[in-house]
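Report on the structure given below.
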Amino acid sequence: MSRTPRLFVVSGPSGAGKGTLLAGVREQRPDLGLTVSATTREPRPGERDGVDYHFLSEDEFECRVAAGDFLEWANVHGHRYGTLRSEVDKNLAAGRSVILEIDVQGALNIRKAYPAAVLVFIEPPSMEVLERRLRGRGTEDEANLELRLKDAAGEMALAPRYDERIVNDDLQEATARLLAALDSHEMN
Ligand code: 5GP
């Protein structure tokens, strides 16, 4: 069966489980292209430069913005994050679909640059579950956690502008639904 390579954009509040969900999807779909975003935030323990993100200083990020290297970039939770055009283009040119995990502002900007992009929103079952997951993850200090929770409400308000919405309650079910959404858009 032939598939058309598509650009998928996945967003959702911090703690919605996007990372785990996408790891499960990638396991089932090793053919998907990988892209590494750039950010000005500090690496977390265990994160590697060029693998998890391209970790850039404010000046380096600014230079890449000026050079037009970003397909989109946005301020998220107090730091800058951006998708490098080269990372997306090399995959689509090689016939591989790409999934970008980016914030809502970035996603809506991608739609302007690539109208054929498919926007998928991952929702937590409730704000209470979201807070519990974020606290359980233990990656953020209290101030950062509160910022992420406050941002979550604004992000959820933009969910109706997405093509697909998936509630991440049961991980297996959500993974199956995301895989099915990829299939249906690639077969179109
Ligand atoms: P984290 O700091 O937890 O790795 O990521 C925080 C947020 O930044 C996530 O919600 C993620 O969607 C967003 N993000 C990661 N990479 C990019 C990117 O390239 N562009 C934009 N606009 N957002 C990104």
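The values are calculated or read from the model by the stated rules, or taken from the named source; none is laboratory data. Computed from a predicted structure; not experimentally measured. Cβ atoms come from the backbone with ideal geometry, glycine included; neighbour counts cover every protein chain shown. Keep in mind that these areas ignore ligands, DNA and RNA; they rest on the heavy atoms of the full protein, side chains included. Shrake-Rupley method; radii C 1.70, N 1.55, O 1.52, S 1.80 Å.
On average, how much accessible surface per residue is there in the chain, in Å², for a 1.4 Å probe, leaving out ligands, DNA and RNA?
Details: 9620 Å² over 188 residues.
Accessible area per residue, the chain: 51 Å².
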In nanometres, what is the gap between the two model label sites at residue 63 and residue 51, each 7 Å from Cα along Cα-to-Cβ?
2.5
Local electrostatic count, residue 159, Cβ distance below 12 Å [Lys/Arg +1, Asp/Glu -1]:
-2
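Quantify, in whole percent, the carbon and sulfur part of the accessible surface of the chain (1.4 Å probe; protein heavy atoms only). Can you show the working numbers first?
Working: 4810 of 9620 Å².
Reported share for carbon and sulfur atoms: 50 percent.
Test of understanding: express the Cα radius of gyration of the chain as a ratio to 2.2 N^0.38 Å, with N the residue count.
Working: Rg = 16.1 Å, N = 188, 2.2 N^0.38 = 16.1 Å.
Dividing the Cα Rg of the chain by 2.2 N^0.38 Å gives 1.00.
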